[in-house]
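First the structure, in the form of structure tokens, and then the observations on it.
The values are calculated or read from the model by the stated rules, or taken from the named source; none is laboratory data. Given the structure is predicted, the values throughout are model-derived calculations rather than measurements. When we count neighbours, we look across all protein chains shown, and the Cβ atoms used for this are built from the backbone with ideal geometry, even at glycine. Quick note on the areas: whole protein, heavy atoms, side chains included, nothing else; ligands and nucleic acids left out. Shrake-Rupley method; radii C 1.70, N 1.55, O 1.52, S 1.80 Å.
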Amino acid sequence: MFIYLSKKIAIPGNVRLRCISWNKDQGFIACGGEDGLLKVLKLETQTDEAKLKGLAAPSNLSMNQTLEGHSGSVQVVTWNEQYQKLTTSDQNGLIIVWMLYKGAWYEEMINNRNKSVVRSMSWNADGQKICIVYEDGAVIVGSVDGNRIWGKDLKGSQLCHVAWSSDSKILLFGMANGEIHIYDNQGNFIMKMKMNCLVNVTGAFSIAGIHWYPGTEGYTEQDCPCLAICFDNGRCQIMRHENDQNPVLIDTGMNVVSIQWNHCGSVLAVAGFQKATTQDKDVNLVQFYTPFGEHLRTLKVPGKQMSALSWEGGGLKIGLAVDSFIYFANIRPDYKWGYCSNTVVYAYTRPDRPEYCVVFWDTKNNEKYVKYVKSLISITTCGDFCILATKADENQPQYVLVLCNSIGTPLDPKYIDIGPLFVTMTKTHVIAASKEAFYIWQYRVAKKLTAMEINQVARTRKEGRERIYHIDDIPSGAADGVLDYSKAIQGTRDPICAITASDKTLIVGRESGTIQRYSLPNVGLLQKYVLNCRAYQMSLNCNSSRLAIIDLSGVLTFFDLDTRVTDSTGQQIVGEQLKLERKDVWDMKWAKDNPDLFAMMEKTRMYVFRNLDPEEPIQTSGYICNFEDLEIKSVLLDEILKNPEHPNKEYIINFEIRSLRDSRALIEEVIRAGSGDLAIGLRIKLGDWFRVLQLLKTGSGDADDTLLEQAHNAIGDYFADRQKWINAVQYYVQGRNQERLAECYYMLEDYQGLENLANSLPENNKLLPDIAHMFVRVGMCEQAVTAFLKCNRPKDAVDTCVHLNQWNKAVELAKNHNMKEIGSLLARYASHLLEKNKILDAIELYRKANYFFDAAKLMFKIADEEAKKRTKPLRVKKLYVLSALLVEQYHEQVKNAQRGKVKGKSSEATSALAGLLEEDVLSSANRLTDNAWRGAEAYHFFILAQRQLYEGYVDTAMKTALHLRDYEDIIPAVEIYSLLALCACANRAFGTCSKAFVKLESLETLSPEQRQQYEDLALEIFTKHCPKHTKKSDLDGLLEGGEGKLPTCVATGRSITEYQFWMCNVCKHCVQAQEISNYNFCPLCHSSVT
């Protein structure tokens, strides 16, 4: 952070101030002093000029009211922001509560004990209660409406301070002897607080201040210290809670008079004075610390004696009561932020989340992406990427560098064992440094990795992509590739204080003022320089020839790294300190494209320097994002972080440097002089195509068609780059830019416009394949095929149909263009489906493509697998029927192909498909073609026999079951003969039953236990019934007579002996003539009876 004095207000009559308090919500400043002085002031920013916002905007007193009522010295002033009340007390013990009415402050309540003086007053976090402590030990807790809640007299105690906990459950009472007592909110004593900061302290001391940050804006870390207690001897401790046994300890080295946290608990301000050794008077100082005790800055304040301080509500200003003056200082916080690829990345805390909220705000499209990051240390950006440095674990000393893109997507995290106090990055490297060592990581972005590189990721450390060096090492530049963290824990007498890097140079600054220059990517120490300051921030120009240094006190100096000069001893040395020096500088940025240009922020002014010569300043308080093409982009982070969830584009400001402004003025002058062609030429060089088009239309120059088209296309590009596709289309149409028009139609999802464009293009136009691919990407097959055919790419058209599963269209195209590749395409896609176990999809694919034989093979496979699983027989029968039907379609296809050959027609029969089918005909002498219906027959008779048995037609059931003996290859023999034995037994045909049992007992598939069960059952049956036929069946007679070739009725299971019977047109199976009248569909294949 950086701080500087900005304003001073004098109190009339030179009345000495004793206290000051700044209302955090409404901005009122109350100050009290001697002789009953009490004033309420308000600084308001003038917003006349739109660009001047924040600290850069001028501010004036909008309120300056003297409040009458106190006679003694006003010692305590405190605000109740929630209820807009001001509470004050003086040395006589008089307490006044003031209220705001019609823009002025009036007395609301008065109280006076007339016994003792008020030493401290504190409202709780929600403004409902106030605790007042008197010097004589009296404590009063009252409500906001003036009622007394409770009172207590702490006899024998002199009170001087009071503070509420954030949850209003605890009260801290500071005693005059320096002790702090802890009470509950009902006034019951709990314990004395242990003061670790006073160990080994002798002499008298008193409490200078107690401030307990209530957590209203969240915390910078989980379990962050928030209770600050400071003594007048300069000792201070910061605690996580009232019982913290391990607080943060600080010795400020000065006499302290006042302390206060800023609005978000990230900075503690400690005001006091130091005895000057060379001067008679004291030196007033304000020291700034983090919650963990790290010293941030020191502000020297003029005057004799400082009595109090108070922060402004946004943490950007601080008010100091010094003698009879109020001094105001501006704060430039070290925000966690960065800028990459038109994106502002910034972090803030929220009271409802323990993590940092990191926002990636795309300023071009005004879109934001939010990430929550635990223990965020810093944000560093370069090019299109950023590094989020975080602590890996609260309990482990390990840290993470997370490489992200401009929308916050984590690309590559690296765990390191050194604290990344300083981080910088280039287009290829990330460098993180602790006080003793620096770590270098040559990062790679995933989109740039080739397949070969991906396989090498595991060996990256061996390749030296990660290295670590101690600051006292002298690396030679050899790529040793060592990542040894034992180096990092070794101490150094001269710690690192700042780093910066370019693509070829790394600069490391040390606290002594030594600057070490290393080469990149092979790290070798090239040079050491000595400066007369300690660097706080450093930056290299675009060609790495000059280094800018901002020190702790905000002084900007420059160092030329390559100049050779002769020193006082006559020796030649490398490097020279340049004469330019600027004070109160808190930010600077080199131009990316000019080594002599840079911009810097000095208080609330931006200066641009060319060759160390400044241009006139610009009033702004923005942080510099980018300096390129003679334009500076600045972001008003102060304003953004007032409402971080809704960033506004108004807070991004672009400034043109003087040379660019002068060029524009020159052009305007040329135009006014009437030289149209010259003006157009200049505008073209500047890229101002809107003005070029305007000049061409007004006839200021020679407006030929080519230049007009160029202007229209350039403006179209302008809108396309900003994703304003509708505007771009209008200009591309006039510029006849068909290629960019296609892109715009595609981005607008105007597919009708894209189709019209494709139709308007001549055949074989080079744009047609691109348009076709656009249609493919959105699944518009017909339009894509039309475009491919128009540019004579039938194969791509077929590939598109295959890709979009339009197989009928693919086959039709293949036939029309005599393509033989369709067979291999089908096979490839089918195998892909089979790999994913999508067999039914593969069958449907073959069926649609008229590859019935391949579809039948797959369907038979499914049917066989279902049969093995012992699935419901009806389901298995249906699968076999479907398989057989596919075979019948295949047979029909073969006949048509051969019929076409005979006729000599040049139709589909002579296509490549017919040739493929003929090959299948020759190689298909198997059950798939010759006995396609066997599976369906087997399960049909199996189901039919059981149905007849359960319906009581036992003789018919036995005859049907006898047919199953021919299907042992399809249905397991144990099921066939079990059913036959059952039917024969029910039919009392014990001879047939006996034969079935003999067959069952001889089956090798049975286990010994199952075989024994069958033998026992046979014994039980045939001891009661003789195994002889009681009657000879017609079927047995026919079989014995050698007439086994008779057709079988699929409706009844009986053999057909009559000459007249019905035959199915599809499956070619027969039904007795007298039975078919009972059916509308074939009993086997379920096709219609005609």
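Once C-alpha pairs closer than 8 Å and six or more residues apart are averaged by separation and normalised to the residue number of the chain, the relative contact order reads 4 percent.
Taking a straight line from the alpha carbon of K528, these aspartates and glutamates sit under 15 Å away, with near neighbours fewer than eight places off in the same chain left out: D472, D473, D494, E511, D560, D562, E576.
If R0 is taken as 45 Å, the Cβ-Cβ distance between Y372 and E511 corresponds to a FRET efficiency of 0.80. The portion of the accessible surface of the range 534-606 made up by carbon and sulfur, rounded to a whole percent, is 41 (1.4 Å probe; DNA, RNA and ligands excluded). Using a simple spin-label model with pseudo-atoms 7 Å out from Cα toward Cβ, R899 and Y83 lie 10.2 nm apart. Pairs of Cα atoms nearer than 8 Å and 6+ residues apart set the relative contact order; for the range 751-819 it is 23 percent. Annotation: amide H-H contacts under 5 Å for C791 (H modelled 1.01 Å from N, sequence separation of 5 or more, or interchain): N764.
Remark: the N200-E892 segment gains 238.3 nm on full extension, using 0.36 nm per residue and subtracting the alpha carbon distance. Dimensions of the range 751-819 based on its C-alpha atoms, expressed as ranges along the principal axes with the largest first, amount to 29, 22, 14 Å. In the chain, helices alone account for a calculated mean residue ellipticity at 222 nm of -8500 deg cm²/dmol, with every DSSP H run of four or more residues adding -39,500 (n - 2.57). Note that the chain presents 48 Å² accessible area per residue, ligands and nucleic acids not counted, probe 1.4 Å. Put +1 on the Cβ of every Lys and Arg and -1 on every Asp and Glu Cβ in the chain; which of N792, Y339, S502 then has its Cα farthest towards the positive end of the dipole? Ranked along the dipole, the leading option is N792. Here R534 and D153 are evaluated by their C-beta separation; at R0 = 35 Å the FRET efficiency comes out at 0.05.
Surface listing: S634, S166 arranged by accessible area from highest to lowest gives S166, S634, probe 1.4 Å.
Straight-line reach from K42: taking Cα to Cα under 19 Å and skipping same-chain neighbours fewer than 8 places apart, the aspartates and glutamates in range are D25, E68, E81, E107, E312. Across the range 464-520, Cα pairs under 8 Å and at least six residues apart give a relative contact order of 25 percent.
Tally up the carbon and sulfur contribution to the accessible surface of the range 1043-1089 as a whole percent, 1.4 Å probe, everything protein left in place. For the range 1043-1089, the apolar C and S fraction of the accessible surface comes to 51 percent. Taking 7 Å steps out from each Cα toward its Cβ at K815 and S476 produces label points 7.7 nm apart.
With one equal scatterer per alpha carbon and no solvent term, the Debye-computed log10 I(q)/I(0) for the chain at 0.05, 0.06, 0.10 1/Å reads -0.62, -0.75, -1.28. Across the accessible surface of the range 751-819, with the other protein chains kept in place and a 1.4 Å probe, carbon and sulfur atoms take up 43 percent.
R353 sits with roughly 80 Å² accessible to a 1.4 Å probe, with DNA, RNA and ligands left out of the calculation. Taking all protein chains together and a 1.4 Å probe, the residues S307, S1077 rank S1077, S307 from largest to smallest accessible area. Estimated from the Cβ-Cβ distance and a Förster radius of 35 angstrom, the FRET efficiency linking N64 and N643 is about 0.75. Within the shell defined by Cβ-Cβ distances under 14 Å, the residues around Y1014 carry a net charge of -4, with Lys and Arg each +1 and Asp and Glu each -1. T492: accessible area at probe 1.4 Å, nearest 10 Å²? Approximately 40 Å² of T492 is accessible to the 1.4 Å probe.
To the nearest 10, the accessible area of R777 is 150 Å² with a 1.4 Å probe. Projected label points at K579 and E108, each 7 Å from Cα along the beta carbon direction, are separated by 6.3 nanometres. Full extension of the chain between T409 and D593 gives 63.4 nm of extra length, using 0.36 nm per residue less the Cα-Cα distance.
Here the gap between N177 and Q1060, fully extended at 0.36 nm per residue and compared with their Cα-Cα distance, gives a gain of 305.2 nm.
Any aspartates and glutamates with Cα under 19 Å of the K115 Cα? List them, leaving off those in the same chain fewer than 8 positions away. Partners found: D90, E135, D136, D153. In terms of distances greater than 25 angstrom between alpha carbons, the cross-link table entries K815/K848; K368/K724; K857/K999; K857/K995; K999/K1028 yield K857/K999; K857/K995. Which one of I440, I624, S310 is farthest out on the positive end of the charge dipole of the chain, using unit charges on Cβ (Lys, Arg +1; Asp, Glu -1) and the Cα centre as origin? In the chain, that residue is I440.
Taking W725, W361 and ordering them by how much accessible surface each has at a 1.4 Å probe, largest first, produces W725, W361. Once you've got the Cα coordinates, tell me which of K336/K642; K414/K589; K336/K364; K8/K583 are over 23 Å apart. In this structure, K414/K589 exceed 23 Å between Cα atoms.
Annotation for the range 168-238: GluC sites (Glu not before Pro) lying in DSSP loop with at most 11 further Cβ atoms inside 10 Å of their Cβ do not exist. Classify the range 2-332 as rounded, prolate or oblate from the Cα gyration tensor: take a ≥ b ≥ c as the square roots of its eigenvalues, call it rounded if a/c is under 1.5, otherwise prolate when a/b beats b/c and oblate if not. Here the range 2-332 falls in the rounded category.
Here the chain is treated with +1 on each Lys and Arg Cβ and -1 on each Asp and Glu Cβ, and its dipole about the Cα centre works out to around 980 debye.
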